[in-house]
1. Being touching a Ser or Thr at 6+ places or on another chain (Cβ under 7 Å) and either over 12 Å from Ile177 (Cβ atoms) or among the β-branched types (Val, Ile, Thr) (or both) is the filter here, so list the residues in segment 194-211 that pass it.
2. In the list Ser127, Ser133, which residue meets the criterion of being farther than 30 Å from Leu217 by Cα, under 20 Å from the mean Cα position of the chain (by Cα) and either modelled with pLDDT under 70 or acidic (Asp, Glu) (or both)?
3. Of these, Gly94, Gly56, which one is under 19 Å from Met14 (Cα atoms), modelled with pLDDT of 80 or more, of a type outside the set (Phe, Trp, Tyr) and exposed (fewer than 15 other Cβ atoms within 10 Å of the Cβ)?
4. Being part of a loop (DSSP other than H, G, I, E, B) and modelled with pLDDT of 55 or more is the requirement here; does Leu114 meet it?
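The values are calculated or read from the model by the stated rules, or taken from the named source; none is laboratory data. What you see is a predicted model, and the numbers here were worked out from it, not measured in a lab. Please note: Cβ atoms are built from the backbone with ideal geometry, for glycine as well, and neighbour counts cover all protein chains shown.
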Amino acid sequence: MHHNLVRFLAGKFMNRGEPIEDLVQVGTIGLINAIDRYDPERGTKFSTYATPTIVGEIRRYFRDKSWSLKVPRRLQELNLATSKAADALSQRLGRVPTIQEIADFVGASEEETLEAIEMGNAYDTVSMDSKMSHEDESTALSLAEFLGSTDASLDNINQYGDLTQAMGTLEQRERSIIDLRFFKDMSQTEVAQKLNISQMHVSRLQQKALKKLKDLLLA
């Protein structure tokens, strides 16, 4: 009975690059949600109640589609909140706010806030096939051609010190991450689940530990 309402509301978004039938399908999910939640005893006309639910579902669809990588909706919303908080705090404090100040402002932990901010990089990614060129170059090279070069330090691997001894200087969690990642061949996600921390936290600790090892072994 209300399918025409869904199509009418979906039509308001049809110039944003998505097929109208896809928008109608998404809007229909909103309609179903409205049916599930509607209470006729409150006296509100169903079409009036359903309209914001349908439009909200379509808007969430566009918000999810605009991210280049799949990011949990919770982090998408937190990323938006931290961005607004950073602007508000900058005006209030007259300086760039700290992560802890932003976390307090949005009511999240410092780690969650940092993860949400870092996830903002997933909003707009660059293709490996992107062409890069300089004025004095006649043929543009792709971004992929600038990546994956051999680390010259690998040629000096026999000059590295005792890795086991160097590992002993790491903190317990750093040592565990290096062991699980490179000796037990676990992914960052698997390590995060095993250590009960976020994948982003694993990534940061891994980078920190590798830098320590490199500084020791190349000293």
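1. none
2. The conditions single out Ser127.
3. On the way: Gly94 fails: under 19 Å from Met14 (Cα atoms).
Of Gly94, Gly56, the one residue that is under 19 Å from Met14 (Cα atoms), modelled with pLDDT of 80 or more, of a type outside the set (Phe, Trp, Tyr) and exposed (fewer than 15 other Cβ atoms within 10 Å of the Cβ) is Gly56.
4. Details: part of a loop (DSSP other than H, G, I, E, B): no; modelled with pLDDT of 55 or more: yes.
No; evaluated as a whole, the condition is false for this residue.
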